[in-house]
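The values are calculated or read from the model by the stated rules, or taken from the named source; none is laboratory data. Bear in mind the structure is a predicted one, so any value in this text is a computation, not a measurement. Cβ coordinates were reconstructed from backbone atoms using ideal geometry, including for glycine residues, and neighbour counts include every protein chain displayed.
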Amino acid sequence: MSVDKDNVVKIANLSKISFKDHEIEKILVDLNQIIEWVDQLAEVDTDKISPTFSSFEDDKGMKKREDIVSDGDYREDITINAPNSEEGFFLVPKVID
Amino acid sequence: MNNLIEGKTGDWELVIGIEVHAQIISNSKLFSGSSTSFGSDHNTQVSFIDAGMPGMLPVINSVCVEQAIKTGLGLNAKINNFSIFDRKNYFYPDLPQGYQISQFEQPIVGNGMITIDLDNGESKNIGIERLHLEQDAGKSLHDQHPSYSFVDLNRSGVALMEIVSMPDMRSPEEAQAYVKKLRNIMKYLQTCDGNMEEGSLRADINVSVRKPGDDLGTRCEIKNVNSIKFIGQAIVYEAKRQIDIIEKGSLVEQQTRLFDPKKGQTRSMRSKEESHDYRYFPDPDLLPLTFTDDFVKEIEKTLPELPDVRRKRFIEEYGLSSYDSNILVSEKETADYFEEAIKNSNPKLVCNWIIGELFSVLNKMNKSIENCPIRAKDLGELINLIDNETITGRIAKDVFEIMLDTGNDPISIVESNNMKQVNNSSEIEAIIDKIIENNPDQVNALSEKPNLIGWFVGQTMKETGGKANPKTVNEILNKKLLNKG
Amino acid sequence: MKKLTELCLYEAREGLLNKDFTSKELVLDHIDKMESSRSLNAFITETPEIAIKSAEKSDLKLIKEENGELEGIPIGVKDMFCTKGVLTTASSKMLSNFIPPYESTVTGNLWSEGAVLLGKLNNDEFAMGSSNETSFYGPVINPWKGSNDKIDLVPGGSSGGSSASVAANIGLGALGTDTGGSIRQPASFTGTVGLKPTYGRCSRWGIIAFASSLDQAGPITRNVRDNSILLKSMCSHDTKDTTSSSKEIPNFENAVGRSIKGLKVGIPSEFFLKGMSNEIMEIWDKGKDWLKNSGAEIIDISLPNTKYALPCYYIIAPAEASSNLARYDGVRFGHSVKSSDINEMYKATRSEGFGDEVKRRIMIGTYVLSSGYYDAYYLKAQKVRSLITEDYSKVFKDVDVILTPSTPSSAFGLNEKSDDPISMYLNDIFTVPVNLAGLPAISVPAAHDSNGLPLGLQLIGRPFEEETIYSFAKIIEDCANFKNIENQWWLK
């Protein structure tokens, strides 16, 4: 498969990254090179193979927490790194549904 | 039942499917140890995990898993012993991780079915497609500042069950009955408190229209409708909107819409206009969720009696009508109230009082039965007082009013207000004799108009302040005036 | 007596316990070394005040004999580990102002054993890279020089600051993370010992995520024994990480020096690459001989899906990364660009905050997960991954360890490969399959190439058999008798 400019624009939009025109040319070349390279996986017969979900296995299954309140209640720590906050809220440009 | 909608070009059929987001009752969130309680100060119930801080990892809450299984069992659904948590990727200010942990291809609960009860006494089966576990998002407040939205992450990471119905509903009433029934089942199971005002239960409604027999039309999804009433209004509006569009020769556009309760209209959601590609993939921070059949069986043993079973029992055990039983069980709290009230009293009378007097008063006061000022035990006691002829039915209504105002128990009200029924026939006879003596004209007219006997009953009750045993009054009057008995 | 910075970890441990010197003396010498080695650009943040304070505390504990297993030992920490109150950047502009209000489990474990933080080490941005050239804070310079001493060499990546600092004797060990070779490849490039533990051995909690199903923390040290000591203190069963193992944590140091007699070593034919240098082949052969002479049996094995490991990795790792890095949106922490529109804010923030390689991987990752491509790429890669894992499980029925070269070449020059992503990715050809299968593996310095640069050999073990790896690694270390850097040219 190969990637065209429209793909790149769409993917960039999904990734919330913007590229300048000359950057798009470069990323297009890079992506196509990489995609062409990973395309060799197509030759592997995986018809009866189930995908890996994790390389971690636990005989007892996924670890679970008890349902107790053991975290939270430190608003200061939550907002201390926020670029824009007020009265313990995070501020973002107005979003209207 | 014919649910067709009349249009200019003929009849239309409405097709409705509903996705309900139900907040799981749990102390802590789905993947973190912060609290889920409602109404706390903003951003206080937020851990580093819920805020999507770098390096933070999810660990699943065991109770949330059990609650989902319990709900699945309550929906007569297939429980999947192997399910996968996926990441649903999109950017939004109230989604701190940049993805929501949800379940996509392999949910914890598969196909199921519930029976809804319609006002006309009919019932209908509605298919459940699936139930899956997912995280709730935070909340953005838009009215705090002219150019900024304020983000509160208290809800971020709270456990939700998304319950997806089949497109089996054909009218607003059916849709409302479905959500009511679902809510009721979850309340019985204590897996969701069903509180729509606080957002514990929200419905996304998929609406489309078609000519009967045609293929499904293009659907619109109305997001986050948060009351049973609005569900009805939104569907009615949306159906009409779509029919108008098609009848004008245009096509319905597949859209996500919002219901505006003030205008009673739906409108297209601006933020969802961009086409989405959620790039679901299994969350590598988690493992497949697995459990044994025995684990499910253990949970099954703890299931409470569900509304359909309870209704059947009310009919068989208490001799109530199917109609009355249905009303009682349709809210768990009402059925609980009823069963508490009848511990020592007559079930049929209690049922009549709840459905009659109590409901009408609660309605007027705009209160739900959980906040009823009259304790169930006291209502039962009041009915006992009527049943064992301690007070008359008329006095009972006065006692009921006093109970509402004061919250006092009926026995002490009757005692302190001297409201006991007068059963002493000589006492009543003396009063009646006096009335006969003072009203010769009425006595004379009786032979012409036998119905005037009612007037004498009224006079007697008036004289006794309504306390006279009506049976005794009738007997004496009949004997004295009509020479009967 | 040796200069204190010339001691290795276990020697320093002994010296501290014998009261030959204090932790403060040890730490001060290391701080001096750190400050006079700034030309290597190994550290992003130096924490001398914290180090001195901890050293003083450690000295008290040592006097009272209440010492932990790493009491008073100065180490460096890759800037992927969140350290409470200390700038943690992932070497990205995106986090250039991020001070975590929490401590990663692994570093927390070290501090509770008495280790002393010297500073935060440079790495490739978000650990994406094999040369440390993608760092927002500039490249790290390898303390090793080839015959042409005008050429600066890369220290490998992504744990380039970790490998360079250990090779340059700044710290008695360093923490790295390894997603596709990011500990072993830089260890090989700098003549140090680097272990990637079994996936699940060390908690990932508080480590900035790159690719969650592959990331694993591990130690880089100057010798095998030091490595085993550091690993022991890093490990714990962490209830905050779903993928943290509850398996017993052995005293790895006991395995160092253990006999390998009768154990079996697999040599995978698929690791013989066309065009691989004779030097690499020779050192690999030497390794075989050393192990054979120490009583191990050498067996030829086949790992048929090896050639698919790199493309498989370059689908899975970017896919996970594209999602893991979605949280960098300028709202709750990190770099943020103001705008009146939320989408513009996201785009400006992320376009400015991320460097080219990170953006490239986010783009690949987004592409392989996007609708219409998921099955052909992501799902396919996870299936191929199952095949690769299966290759190893089969082979490990017959052998106890697998011996391979660590890297296809020795350290290359700065800017030599930075324009060609695929030739850069090929650096990880021997290390990547190990991450896909979740196995433990070590790189041990084995020889110098004709240019005088270090070359490492890699030993891969069964899941949770780091002990076996250490036993074998110690044999190679002893046989190789590897000589460390002699000319400390970078010192100011």
From C:Ile402, C:Ile362, residue being under 27 Å from the mean Cα position of the chain (by Cα), outside any helix (DSSP H, G or I) and over 15 Å from C:Tyr313 (Cβ atoms): C:Ile402
Filtered residues of the stretch C:1-42 (kept if within 22 Å of the chain's Cα centre (by Cα) and either at positive phi or in a loop (DSSP other than H, G, I, E, B) (or both)): C:Leu7, C:Cys8, C:Ser37, C:Asn41, C:Ala42
Residue in the stretch A:67-75 that is among the aliphatic types (A, V, I, L, M), under 23 Å from the mean Cα position of the chain (by Cα) and facing another protein chain (nearest Cβ under 7 Å) present: no
Residue match in the stretch C:235-242 (condition: touching a helix residue (DSSP H, G or I) at 6+ places or on another chain (Cβ under 6 Å) and not polar (S, T, N, Q)): yes
Any hit, the stretch C:213-222, residues being buried (at least 24 other Cβ atoms within 10 Å of the Cβ), among the polar types (S, T, N, Q) and away from chain B (no Cβ under 14 Å): yes
In the stretch C:384-412, residue farthest from A:Phe56 (Cα to Cα) [restricted to those that are touching a helix residue (DSSP H, G or I) at 6+ places or on another chain (Cβ under 6 Å) and among the β-branched types (Val, Ile, Thr)]: C:Thr407
Matching strands (runs of 3 or more DSSP E) fully within the stretch C:70-182 where at least 1 residues are modelled with pLDDT of 95 or more and more than 28 Å from C:Leu457 (Cα to Cα): C:116-121
Matching residues in the stretch C:448-492 - criterion: being within 30 Å of C:Arg38 (Cβ to Cβ) and small (Gly, Ala, Ser): C:Gly452, C:Gly456
Residue satisfying condition, being at pLDDT 95 or above, more than 14 Å from chain A (Cβ to nearest Cβ) and more than 20 Å from C:Asn223 (Cβ to Cβ), within set C:Phe464, C:Phe472, C:Phe412: C:Phe412
B:Arg183 of a type in the set (D, E, K, R), in contact with a strand residue (DSSP E or B) (Cβ under 9 Å, 6 or more places away or on another chain), in contact (Cβ under 8 Å) with a residue 12 or more places away in the chain and surrounded by 22 or more Cβ atoms within 10 Å (Cβ to Cβ): yes
Boolean, B:Leu73 is outside any loop (DSSP other than H, G, I, E, B), surrounded by fewer than 24 Cβ atoms within 10 Å (Cβ to Cβ) and more than 9 Å from every other protein chain (Cβ to nearest Cβ): yes
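Which residue out of B:Asp193, B:Asp143 is within 14 Å of chain A (Cβ to nearest Cβ) and either of a type in the set (D, E, K, R) or assigned to a strand (DSSP E or B) (or both)?
Exactly one of B:Asp193, B:Asp143 is within 14 Å of chain A (Cβ to nearest Cβ) and either of a type in the set (D, E, K, R) or assigned to a strand (DSSP E or B) (or both), namely B:Asp143.
How many residues, within the stretch B:76-93, are closer than 16 Å to C:Ser323 by Cα and either of a type outside the set (Asp, Glu) or assigned to a loop (DSSP other than H, G, I, E, B) (or both)?
Here the count works out to 8.
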Residue within the stretch B:145-156 that is of a type in the set (Asp, Glu), closer than 26 Å to B:Leu95 by Cα and surrounded by fewer than 24 Cβ atoms within 10 Å (Cβ to Cβ) present: yes
Residue satisfying all of: in the stretch B:397-432; touching a residue at least 40 places away in the same chain (Cβ under 8 Å) and in a helix (DSSP H, G or I); nearest to B:Leu379 (Cα to Cα) among these: B:Phe400
Those residues of the stretch B:374-396 which are farther than 27 Å from B:Ala335 by Cβ, charged (D, E, K, R) and not in a loop (DSSP other than H, G, I, E, B), in sequence order: B:Arg394
Segments classed as helices (runs of 4 or more DSSP H), wholly inside the stretch C:405-492, with at least 3 members that are under 23 Å from C:Pro318 (Cβ atoms): C:421-425, C:432-437
Odd one out for C:Arg332 among (1) more than 8 Å from chain B (Cβ to nearest Cβ); (2) of a type outside the set (Ser, Thr, Tyr); (3) over 28 Å from the mean Cα position of the chain (by Cα): (1)
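Of all the residues that make up the stretch C:265-281, how many are surrounded by fewer than 17 Cβ atoms within 10 Å (Cβ to Cβ) and either in contact (Cβ under 8 Å) with a residue 60 or more places away in the chain or in a loop (DSSP other than H, G, I, E, B) (or both)?
Within the stretch C:265-281, the subset surrounded by fewer than 17 Cβ atoms within 10 Å (Cβ to Cβ) is C:269-270, C:272-278, C:281.
Checking which are either in contact (Cβ under 8 Å) with a residue 60 or more places away in the chain or in a loop (DSSP other than H, G, I, E, B) (or both) leaves us with C:272-277.
Residues in the stretch C:265-281 being surrounded by fewer than 17 Cβ atoms within 10 Å (Cβ to Cβ) and either in contact (Cβ under 8 Å) with a residue 60 or more places away in the chain or in a loop (DSSP other than H, G, I, E, B) (or both): 6 in total.
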C:Thr221 vs. criteria modelled with pLDDT of 95 or more, touching a Cys at 6+ places or on another chain (Cβ under 9 Å), more than 30 Å from B:Leu287 (Cβ to Cβ) and of a type in the set (Ser, Thr, Tyr): yes
Qualifying residue in the stretch C:395-407 (condition: buried (at least 24 other Cβ atoms within 10 Å of the Cβ), touching a Ser or Thr at 6+ places or on another chain (Cβ under 8 Å), within 11 Å of another protein chain (Cβ to nearest Cβ) and under 15 Å from C:Gly157 (Cβ atoms)): no
Scope the stretch A:13-57; condition more than 7 Å from chain C (Cβ to nearest Cβ) and either more than 30 Å from C:Tyr392 (Cα to Cα) or touching a residue at least 40 places away in the same chain (Cβ under 8 Å) (or both); matching residues: A:Asn13, A:Phe19, A:Lys20, A:Asp21, A:His22, A:Glu23, A:Ile24, A:Glu25, A:Lys26, A:Leu28, A:Val29, A:Asn32
